[in-house]
RNA sequence: GGGCGGUUAGCUCAGAUGGUUAGAGCGCUGCGUUGACAUCGCAGAGGUCACUGGUUCGAAUCCAGUAUCGCCCACCA
């Protein structure tokens, strides 16, 4: 791009398609994404939340790329070695489901294929998907270090996972245990609590009569009623429970009831967990199918019968109902209960039903042998996985943005329960545990060759794989090389920032903190945390506020949006659409607006470059300030103010606000005012604006580059050829502007504000009075304090407002004739008119007077308030006095003019 | 049952530590082809900042409460 001929004119509209690929290739060829280790320099590092290899990127990834790339580029431009570490996630259940669906299309069941072949097939898919994911990131301009790309099944990650597993196991933080689990019958695996989504669903509450058994096993006419939403689990009932202090059932405790239909005798036990006010106050206890019942069963030594199989069908324990789906069995049992006279009544009932977050199947609570992480067990005195994570946030070692989400984070870590990490699927990190026929269990990082006890080589590896989030939890340190003591790990860890949607706060951030602190604990107190700051962005919904989902058909492909509007526009639109932590609605209009901004920037640059054509420009020096015109000093002062604002906003992660301010400067100050004012001077041979234009464009492009990298790089490349000075070879590595404070000029800003307001007043009068567009009426500017300023900018006023301005003192007389009047501060604007509608003019002036008097009344009230005078800062009080004085002058002028118009 | 967020112009949203007459984009109205840009320019209309009370010289902003929409967490038979 730097070899573009200097005479090349820019197209009149920005064409992203002709720029983006070329610029991205230019960056890659320059190696700018590759982070170097520079001892002594503080690095910046951020790990990409690895997209699942299930498919293409969605809008959320687009937003993440925009956020991350902005931060990385900003730090890179500040000279820091900046690492954006990309990756992809194998996404166990999600990917397995995708492949299963693919196979199903070919009529193949994965079980017929076998584990090995299934994995081979899935690897094939991964090899196809990863390049597509890279391609998408590239289109969006992501300056990630692809040379360090990590896939969560890479051998080195496998080693990190196994090492973590073994260490946790040896510390007693991983154990195998029989517990109540969430079973997805569709996926055929256990799930963690987080992977179950609960939703209210309409159901029925069945009241069922359990006859009381008398002495000798005779059924009495007496019965005990229970209420249940799951009558099909009756076949696995092993007791009935009541509250110990429930007077209604006092005499039933310890007796026996008869399970209808099945005919089994069940003990009546007393348990504190029973809520006497619910239903009948008596609970049928089914330890095999309900978490609460499981606990009650444990306390009272009741058997756990499992009557629903892993496939979600009733099994042989269900007797006559065996083989039925749960719903079928429910209907059949209800019908049988009715026939037997056991069904007392049925009421409609709404309760929450858990469904698999991956496939939406209804979750069955089942007892199962699974691997667990003991999150609350201490591995050092007073330190547990969950406790350490909470402490890191409480103590401020890890900062959460927005801060309010720290409460949510802590609420989770403070109440965390053991984490079920084993999954009965094939795609993932197989658990590094081997069983020998002799009974020995081997837990090891490397595959063992033989049993250390009996020497047998006949070892069977545990068939389960780990929860995908187990490997994700290692992301920062494992991606940087842990368990090796790699140079990257030493230099880039702890990472600086982390960024993700708040929806995966618990899945990912909390677990990364737990495992980071555990695995890196030798580097405590400061080197153990996985990241210093974690940002949680909101979710992108569709234009109606609905969650985007493939099943709803409302997803927007980021590449399509970026293709239509340009990657820069896409990024800028998302960054400025909302604030961190807040959801946003996707809006085509916003995309178009951002596209228009890119085009505005393009054309502003086009103008500047055309003016510079054939010259070499020296940038303005603060020492020459007195040589510059008012608007020059104004623009440079505004620019420097902007640089300070952008710096503090980006430091505070207020990316959107920073973007809006840069846009405001470029469009409303540089393009709308400075460029317009420069035209007249340049035409008359005053070349001073060139240096100012070039400098403002240069810095504007630098400020905007992190958010809109393509168009800025393209333009900057053309600009640097014509600017003197020691320039970086590319904008991506050019220094980010820092406000040096040399150009701040409050007097110039105040003066230009006045000039702008005067011009606005003139144009307003023109429009109101319907002065013909081509007419150049005289305008008298009777100025009190700002006469010099108005004279200095008179040529610009003449040009931009299409008038002949005459600046006079405040008291100067006006030639006879008709005028339209306006007042701006100490300046009275009198626009000469061919004729005037007296009544209309009088009405307008009276409206203005009323407004002015209202303001005066308010200010006087304020200034009579002694407490205000006493307590408000002097500057504020003075400001109010000044305003009152101005309002007085304005009102007086209006009254004078109304009088002059006569009755 | 706990916790959190939203409520600001017709629409979508900004308003970081309380301080001019509350902003932007889109939309709307009027005018405009002045060689950077019609993906544009100029001007304009449009808001009791959800409501009530409080703190303060001063509140969209801080506090308490209310309404409403939404989200998260919790073993709601």
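The values are calculated or read from the model by the stated rules, or taken from the named source; none is laboratory data. Note that the structure is a prediction, hence the values are computed from the model and not measured. Because the Cβ atoms are built from the backbone with ideal geometry, glycine has one as well, and the counts that use them run over all protein chains shown.
Quick check: anything in region A:708-719 touching a helix residue (DSSP H, G or I) at 6+ places or on another chain (Cβ under 8 Å), farther than 19 Å from residue A:796 by Cα and outside any helix (DSSP H, G or I)? The answer is yes, given that some residue of region A:708-719 is touching a helix residue (DSSP H, G or I) at 6+ places or on another chain (Cβ under 8 Å), farther than 19 Å from residue A:796 by Cα and outside any helix (DSSP H, G or I).
Filter region A:442-467 for residues that are more than 18 Å from residue A:163 (Cβ to Cβ) and within 44 Å of the chain's Cα centre (by Cα) and give the result. Reasoning before the result, please.
Taking region A:442-467 and keeping what is more than 18 Å from residue A:163 (Cβ to Cβ), we get A:449-460, A:463-464.
A:460, A:463, A:464 - these are the residues of region A:442-467 that are more than 18 Å from residue A:163 (Cβ to Cβ) and within 44 Å of the chain's Cα centre (by Cα).
Of the residues making up region A:88-102, those that are surrounded by 18 or more Cβ atoms within 10 Å (Cβ to Cβ) and at negative phi are A:88, A:89, A:90, A:92, A:93, A:94, A:95, A:96, A:97, A:98, A:99, A:100. In summary, residue A:727 fulfils each of the numbered conditions (1) surrounded by 17 or more Cβ atoms within 10 Å (Cβ to Cβ); (2) farther than 30 Å from residue A:802 by Cα; (3) in contact with a helix residue (DSSP H, G or I) (Cβ under 6 Å, 6 or more places away or on another chain) with the single exception of condition (1).
Say whether the condition of being farther than 24 Å from residue A:889 by Cβ and either out of contact with any helix residue (DSSP H, G or I) (no Cβ under 6 Å at 6 or more places or on another chain) or outside any strand (DSSP E or B) (or both) is met by at least one residue in region A:750-770. Yes, there is a match, as at least one residue in region A:750-770 is farther than 24 Å from residue A:889 by Cβ and either out of contact with any helix residue (DSSP H, G or I) (no Cβ under 6 Å at 6 or more places or on another chain) or outside any strand (DSSP E or B) (or both). No other residue among A:417, A:407, A:397 is assigned to a loop (DSSP other than H, G, I, E, B), within 36 Å of the chain's Cα centre (by Cα) and within 16 Å of RNA strand B (Cβ to nearest atom) apart from A:417. Among the criteria (1) buried (at least 16 other Cβ atoms within 10 Å of the Cβ); (2) within 8 Å of RNA strand B (Cβ to nearest atom); (3) touching a residue at least 24 places away in the same chain (Cβ under 8 Å), the one residue A:287 does not fulfil is (2).
Quick one: how many residues across region A:616-626 are under 45 Å from the mean Cα position of the chain (by Cα) and either within 16 Å of RNA strand B (Cβ to nearest atom) or assigned to a helix (DSSP H, G or I) (or both)?
Kept after step one, since they are under 45 Å from the mean Cα position of the chain (by Cα), are these residues of region A:616-626: A:616-623, A:625.
Within this subset, residues satisfying the condition of being either within 16 Å of RNA strand B (Cβ to nearest atom) or assigned to a helix (DSSP H, G or I) (or both) are A:622-623, A:625.
The number of residues fulfilling the criteria is 3.
Determine, yes or no, whether residue A:223 is farther than 19 Å from residue A:330 by Cβ, touching a residue at least 24 places away in the same chain (Cβ under 8 Å), touching a helix residue (DSSP H, G or I) at 6+ places or on another chain (Cβ under 6 Å) and part of a strand (DSSP E or B). No: the conditions fail for residue A:223.
Residue A:105 - would you say it is surrounded by fewer than 16 Cβ atoms within 10 Å (Cβ to Cβ), over 30 Å from residue A:484 (Cβ atoms), within 30 Å of the chain's Cα centre (by Cα) and away from RNA strand B (no atom under 16 Å from the Cβ)? No; evaluated as a whole, the condition is false for this residue.
For the condition farther than 30 Å from residue A:75 by Cβ, exposed (fewer than 15 other Cβ atoms within 10 Å of the Cβ) and touching a strand residue (DSSP E or B) at 6+ places or on another chain (Cβ under 8 Å), residue A:810 qualifies. Please enumerate the residues belonging to region A:851-899 that are surrounded by fewer than 11 Cβ atoms within 10 Å (Cβ to Cβ) and more than 12 Å from RNA strand B (Cβ to nearest atom). Matches in region A:851-899: A:899 only.
So if I check each of A:263, A:254, which one is within 15 Å of residue A:302 (Cβ to Cβ) and assigned to a loop (DSSP other than H, G, I, E, B)?
Matching residue, one of A:263, A:254: A:254.
Screening the candidates A:311, A:251, A:301 for the property of being more than 15 Å from RNA strand B (Cβ to nearest atom), in contact (Cβ under 8 Å) with a residue 12 or more places away in the chain and surrounded by fewer than 17 Cβ atoms within 10 Å (Cβ to Cβ) yields one hit, A:311.
Being in a helix (DSSP H, G or I) and either more than 30 Å from residue A:92 (Cα to Cα) or within 9 Å of RNA strand B (Cβ to nearest atom) (or both) is a condition met by no residue of region A:351-369.
Would you be able to say whether some residue in region A:586-594 is in contact (Cβ under 8 Å) with a residue 12 or more places away in the chain, within 9 Å of RNA strand B (Cβ to nearest atom) and outside any helix (DSSP H, G or I)? Looking through region A:586-594, at least one residue is in contact (Cβ under 8 Å) with a residue 12 or more places away in the chain, within 9 Å of RNA strand B (Cβ to nearest atom) and outside any helix (DSSP H, G or I).
Residues that are in contact (Cβ under 8 Å) with a residue 40 or more places away in the chain and closer than 25 Å to residue A:30 by Cβ do not occur anywhere in region A:156-172. Check region A:759-771 and report whether any residue there is out of contact with any strand residue (DSSP E or B) (no Cβ under 6 Å at 6 or more places or on another chain), modelled with pLDDT of 90 or more, crowded, with 17+ Cβ neighbours inside 10 Å and closer than 24 Å to residue A:700 by Cα. Checking region A:759-771: not a single residue is out of contact with any strand residue (DSSP E or B) (no Cβ under 6 Å at 6 or more places or on another chain), modelled with pLDDT of 90 or more, crowded, with 17+ Cβ neighbours inside 10 Å and closer than 24 Å to residue A:700 by Cα.
Right, residue A:666: under 30 Å from residue A:537 (Cβ atoms), within 10 Å of RNA strand B (Cβ to nearest atom), surrounded by 19 or more Cβ atoms within 10 Å (Cβ to Cβ) and in contact (Cβ under 8 Å) with a residue 24 or more places away in the chain or not? Yes, satisfied.
Selection of region A:711-758 for residues being touching a strand residue (DSSP E or B) at 6+ places or on another chain (Cβ under 9 Å) and within 13 Å of RNA strand B (Cβ to nearest atom) yields A:754, A:757, A:758.
Residues of region A:37-61 that are touching a strand residue (DSSP E or B) at 6+ places or on another chain (Cβ under 8 Å) and in a helix (DSSP H, G or I): A:59, A:60. Considering region A:681-695, the residues that are in contact with a helix residue (DSSP H, G or I) (Cβ under 8 Å, 6 or more places away or on another chain) and either surrounded by 18 or more Cβ atoms within 10 Å (Cβ to Cβ) or free of Cβ contacts under 8 Å to residues at least 60 places away in the same chain (or both) include one that is farthest from residue A:568 (Cα to Cα), namely A:681.
Here residue A:60 passes the criteria (1) in contact (Cβ under 8 Å) with a residue 60 or more places away in the chain; (2) more than 16 Å from RNA strand B (Cβ to nearest atom); (3) surrounded by fewer than 24 Cβ atoms within 10 Å (Cβ to Cβ); (4) within 22 Å of residue A:138 (Cβ to Cβ) except the one numbered (2).
In the set A:211, A:244, which member is assigned to a loop (DSSP other than H, G, I, E, B), at pLDDT 85 or above and surrounded by fewer than 20 Cβ atoms within 10 Å (Cβ to Cβ)? So that I can check it myself, show each step before the final result.
On the way: A:211 fails: assigned to a loop (DSSP other than H, G, I, E, B).
Exactly one of A:211, A:244 is assigned to a loop (DSSP other than H, G, I, E, B), at pLDDT 85 or above and surrounded by fewer than 20 Cβ atoms within 10 Å (Cβ to Cβ), namely A:244.
Just the residues that are part of a helix (DSSP H, G or I) and in contact (Cβ under 8 Å) with a residue 12 or more places away in the chain, please, taken from region A:644-656. A:644, A:645, A:646, A:647, A:649, A:650, A:655, A:656 - these are the residues of region A:644-656 that are part of a helix (DSSP H, G or I) and in contact (Cβ under 8 Å) with a residue 12 or more places away in the chain.
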